[in-house]
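Trainee: Dropping a structure here in structure tokens format, bear with me for questions.
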Amino acid sequence: MMVIPYEQKDTILHVENLCVSYGDRIILQNVNMVERDTIREGKTQGQVIAVLGRSGRGKSTLFRALTGLEKPSSGKVLIPDFNKVAANGKQPAKLVQEGDVGFVNQKYTLFRHKTVYEALWFAMRKSGFSKAEKEDEIMHYLKEWGLEKHKDQYPNFLSGGQRQRTAILEQLLSSGYYMVLDEPFSGLDIGNIMSVKKSFDLISQRHDLNTIIFSTHDIELAVELADSIYILGYPPDDKGQVLASGTMLKHFDLKELGLAWQDGFTESHHDCVQEIKEIMLRA
């Protein structure tokens with residue numbers, strides 16, 4: 001399969017030897033991830049990263065660490081500091097802090113007392129935009145995301161898909177380039193799955209730095225949507241015994257493999273799915 005041409009620039013996410021412990025229990029150990037800004041000529045496109053693993057392997061804990069909600073026991077999570085001037089053509093790095101990375105959990109938590117419009121306005125409170133600029137930005141997103149007719153409704157009157165899109169937009173408007181979604185496809189019917197996939201496209205096509213990190217138990221969907229996949233699981237020790245703390249078992253760079261951004265799901269995609277299944281079953 002032909003690799004679609006691309007160029008990689010500055011590092012946009014660097015997870016180095018990340019460990020998270022609760023008391024004596026080690027949840028994550030020595031987790032490493034490196035992602036760079038991917039550029040395709042003539043196309044604005046961000047990064048879509050999937051984290052796969054069996055239940056209980058630490059995905060949710062990893063996501064809390066990536067979003068600054070969980071302080072690592074050791075190691076670090078670095079992202080570019082866009083508030084500082086670039087030095088020698090490179091953006092300085094910073095430790096991720098709560099609020100730097102948007103986080104949408106499976107509950108799509110929204111303000112009960114705010115309409116869709118009010119919730120998005122509140123999300124932009126620190127944007128530095130003028131009132132008119134906020135109005136334009138919010139209305140643009142409402143129209144683009146199919147929520148314009150529902151802007152004055154409260155969460156109790158929204159469908160599950162509408163609540164999810166609102167929750168994603170809240171985080172997108174308040175947190176910049178990064179978005180973490182914990183199992184965004186869980187329990188959805190085919191219509192809402194297509195809606196979330198469209199949301200991924202809208203986020204990615206907005207800016208080449210926009211970076212989506214998501215988890216799912218649907219391996220085929222991950223291979224279809226992602227350009228980078230990490231497998232989180234329990235590694236075996238020297239004696240072949242499985243250790244009860246999560247780490248990254250393998251990274252699939254689908255760009256390099258020629259599987260990213262392809263039209264259709266090919267035999268090579270199916271081979272990748274099968275390899276991922278075998279790794280997950282062993283860990």
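Trainee: Throw me the Rg/Rh for region 48-94, computed over C-alpha atoms with Kirkwood Rh, two decimals.
Mentor: Taking Rh as the inverse mean 1/r over Cα pairs, Rg/Rh reads 1.10.
Trainee: Quick check on packing: order 20-27, 44-51 by the mean number of other C-beta atoms within 10 Å, highest mean leading.
Mentor: Per-residue mean Cβ counts within 10 Å order the peptides as 44-51, 20-27.
Trainee: Now a separate question. Binning every alpha carbon pair distance of region 68-149 at 5 Å from zero, what are the percents per bin?
Mentor: Using 5 Å bins, I get a P(r) of 3, 11, 15, 17, 17, 16, 12, 7, 3, 0 for region 68-149.
Trainee: Just the projected area, averaged over all directions, of the convex hull on the alpha carbon atoms of region 120-179: how many nm²?
Mentor: For region 120-179, averaging the hull's shadow over all directions gives 4.1 nm².
Trainee: Taking Cα centroids, how far is region 14-30 from region 160-225 in Å?
Mentor: For region 14-30 versus region 160-225, the Cα centre distance is 26 Å.
Trainee: Would you mind getting me the FRET efficiency between Lys277 and Ser159? Use the beta-carbon distance for r and R0 = 51 Å, nearest 0.05.
Mentor: 0.95
Trainee: Report the FRET efficiency, 1/(1 + (r/R0)^6), for Ala87 and Tyr22, where r is their Cβ-Cβ distance and R0 is 45 Å, rounded to 0.05.
Mentor: Working from the Cβ atoms, E equals 0.75.
Trainee: Of all the C-alpha pairs in region 77-205, what % are more than 18 Å from each other?
Mentor: Within region 77-205, distances greater than 18 Å cover 57 percent of Cα pairs.
Trainee: Treat each spin label as a single point 7 Å out from the Cα along the C-beta direction, and report the Lys131 to Asp263 distance in nm.
Mentor: Distance between the two pseudo-spin positions: 4.9 nm.
Trainee: How big is D for the chain, in µm² s⁻¹ as a whole number, if Stokes-Einstein is applied with the Kirkwood radius of its Cα pairs at 37 °C and 0.692 mPa s?
Mentor: 165
Trainee: While we're here: Skip the ligands, DNA and RNA, and give the accessible area per residue of region 50-192 with a 1.4 Å probe, whole Å².
Mentor: Computed with neighbouring chains in place, this is 53 Å² per residue.
Trainee: Follow-up question, since we're still on this one. At 0.692 mPa s and 37 °C, plugging the Kirkwood radius over alpha-carbon pairs of region 1-141 into Stokes-Einstein gives what diffusion coefficient in µm²/s?
Mentor: The calculation lands on 181 µm²/s.
Trainee: How much mean residue ellipticity at 222 nm does the chain get from its helices, if each DSSP H run of length 4 or more adds -39500 (n - 2.57) and you divide by all residues, to the nearest 500 deg cm²/dmol?
Mentor: That calculation yields -9500 deg cm²/dmol at 222 nm.
Trainee: If exposed means no more than 16 neighbouring beta carbons inside 10 Å and the site is in a DSSP loop, what's the longest run of the chain without any exposed GluC sites (Glu not before Pro)?
Mentor: Result, exposed sites excluded: 99-255.
Trainee: At a Förster radius of 51 Å, what calculated FRET efficiency corresponds to the Cβ-Cβ distance of Glu144 and Asp238, to the nearest 0.05?
Mentor: 0.45
Trainee: Here's another thing I want to ask about it. What are the lysines whose alpha-carbon lies under 24 Å from the alpha-carbon of Lys197, with same-chain residues fewer than 8 places away excluded?
Mentor: By straight Cα distance, Lys197 reaches Lys43, Lys59, Lys107, Lys143, Lys149, Lys151, Lys255, Lys277.
Trainee: Also, quick follow-up: Which of the lysines could a cross-linker span from Lys84 if the Cα-Cα distance has to be under 23 Å and same-chain partners fewer than 8 positions apart are dropped?
Mentor: Partners found: Lys9, Lys76, Lys94, Lys126.
Trainee: With a 1.4 Å probe and every protein chain kept in, tell me what percent of the accessible surface of the chain is carbon plus sulfur.
Mentor: Carbon and sulfur together cover 47 percent of it.
Trainee: Still on this model: For region 129-202, state which chymotrypsin sites (Phe, Trp or Tyr not before Pro) are in a DSSP loop and have at most 16 other beta carbons lying within 10 Å of their beta carbon.
Mentor: When the chymotrypsin sites (Phe, Trp or Tyr not before Pro) of region 129-202 are filtered for loop state and at most 16 Cβ neighbours within 10 Å, Phe129 remain.
The values are calculated or read from the model by the stated rules, or taken from the named source; none is laboratory data. Here the structure is a predicted model, which means the values were calculated and not measured. Quick reminder, even Gly has a Cβ in these numbers, built from the backbone with ideal geometry, and neighbours come from all protein chains shown. Heads up: the accessible areas ignore ligands, DNA and RNA and are worked out on the full protein's heavy atoms, side chains in. Shrake-Rupley method; radii C 1.70, N 1.55, O 1.52, S 1.80 Å.
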